[in-house]
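What follows is one structure encoded as structure tokens, with my remarks underneath.
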């Protein structure tokens, strides 16, 4: 029974990632471009750079979690190191603005900080190849994406 619940939860994570993330990212420049090229193209907007990287990372994470491949998940997350700091620096310098609820930037930064802490937890679970924890954290992270986009994106 527990195995069936895990499979159903994982199926939901896959469905969310395949259907919701591209929709949430629509309207941004080339969200599916290679994440390795994102910094050169989007240096002026670290948040956009971060979102492009996240799109690529979550595709790998979902595949890695589904295969029980903690190394794949762990390696996919490496590209995210430093992105939060760049985004927060951009907020302080005025190069990052959110399209909706701009007066709530402190809340945005708090959500972003918690999100990145969860990414670190996912990285730790992946390093231990703990599929159950990876699945749970991936779902929580994707839910966080949806919440943040509903609050701060038009």
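A single member of 122, 111, 77 is at pLDDT 95 or above and more than 20 Å from residue 49 (Cα to Cα), and it is 122. Against the conditions (1) assigned to a helix (DSSP H, G or I); (2) crowded, with 16+ Cβ neighbours inside 10 Å; (3) touching a helix residue (DSSP H, G or I) at 6+ places or on another chain (Cβ under 6 Å), residue 98 satisfies every one except (1). Being assigned to a helix (DSSP H, G or I) and surrounded by fewer than 16 Cβ atoms within 10 Å (Cβ to Cβ) is true of residue 107. If the condition is being within 22 Å of residue 87 (Cα to Cα) and in contact (Cβ under 8 Å) with a residue 40 or more places away in the chain, then the range 115-140 contributes 119, 122, 123, 138.
The values are calculated or read from the model by the stated rules, or taken from the named source; none is laboratory data. The structure presented is a predicted model; accordingly, all values stated were derived computationally and were not measured. Here Cβ is always computed from backbone atoms with ideal geometry, including for glycine, and neighbour counts include all displayed protein chains.
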